[in-house]
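J.: Pasting a structure below so you can have a look.
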């Protein structure tokens with residue numbers, strides 16, 4: 001094998017791993033969320049979203065231009081739809097409305113291309129084309145973690161000053177706390193901006 005062939009194989013492996021890797025989406029309770037999924041082909045006969053840890057595991061089935069709630073898990077009734085029912089450009093992303101902690105889990109997206117054989121109950125037994133892990137977190141949990149980190153840094157700095165024989169500089173500690181609070185506000189603001197986009 002040539003070195004160029006090995007490099008190309010390695011790069012292809014990275015691209016394949018990236019394209020088929022799991023995705024984690026983090027949201028807050030009460031939000032609506034889009035779980036992204038993109039089919040390679042735009043001619044699609046059916047779409048199925050599942051959550052394997054549930055029984056029945058069906059989140060949404062869409063076939064022949066209609067949602068089919070026949071085998072849908074009851075917790076998703078009237079809370080799910082596709083971003084684009086026309087399935088333009090292979091977009092089969094799922095909208096999950098009013099999420100709560102019971103929606104935490106791994107979601108799998110499957111498609112049946114147009115022209116594929118029909119199966120009973122609309123079962124699509126192909127491998128998932130996208131796996132999305134949904135994490136519904138309370139906003140207070142994030143703030144508690146930030147506060148704990150700031151407290152830990154302050155305690156470390158105070159102990160370090162005492163061990164080195166330097167007097168604890170209260171003005172310096174106050175200055176650090178003010179910087180930490182500004183930084184925390186900026187971080188929360190940045191997260192909110194990223195979250196809303």
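The values are calculated or read from the model by the stated rules, or taken from the named source; none is laboratory data. These figures come from a predicted structure and were not determined experimentally. Positions of Cβ are backbone-derived with ideal geometry, glycine not excepted, and every protein chain shown enters the neighbour counts.
J.: Quick check on residue 57: is it loosely packed, with under 13 Cβ neighbours inside 10 Å, within 18 Å of residue 112 (Cβ to Cβ) and either in contact with a helix residue (DSSP H, G or I) (Cβ under 7 Å, 6 or more places away or on another chain) or in the same structural domain as residue 124 (by TED's automatic domain parsing) (or both)?
T.: Numbers: loosely packed, with under 13 Cβ neighbours inside 10 Å: no; within 18 Å of residue 112 (Cβ to Cβ): yes; either in contact with a helix residue (DSSP H, G or I) (Cβ under 7 Å, 6 or more places away or on another chain) or in the same structural domain as residue 124 (by TED's automatic domain parsing) (or both): yes.
When the stated conditions are applied, residue 57 does not pass them.
J.: Of all residues in region 83-94, count the ones that are at pLDDT 90 or above and surrounded by 15 or more Cβ atoms within 10 Å (Cβ to Cβ).
T.: Residues meeting the conditions: 6.
J.: May I pose another question? Can you tell me which residue among 57, 22 is modelled with pLDDT under 85 and within 18 Å of residue 129 (Cβ to Cβ)? Steps first, answer last, please.
T.: Values: 57 fails: modelled with pLDDT under 85.
Only one candidate qualifies: 22.
J.: For residues that are closer than 18 Å to residue 99 by Cβ and either out of contact with any strand residue (DSSP E or B) (no Cβ under 7 Å at 6 or more places or on another chain) or not assigned by TED's automatic domain parsing to the domain that holds residue 102 (or both), tally how many sit in region 37-54.
T.: Residues meeting the conditions: 1.
Table: residues versus (1) farther than 18 Å from residue 73 by Cα; (2) modelled with pLDDT under 90; (3) exposed (fewer than 12 other Cβ atoms within 10 Å of the Cβ); (4) in contact with a strand residue (DSSP E or B) (Cβ under 8 Å, 6 or more places away or on another chain).
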| residue | (1), (2), (3), (4) |
| --- | --- |
| 107 | no, no, no, yes |
| 128 | yes, no, no, yes |
| 135 | yes, no, no, yes |
| 152 | yes, yes, yes, no |
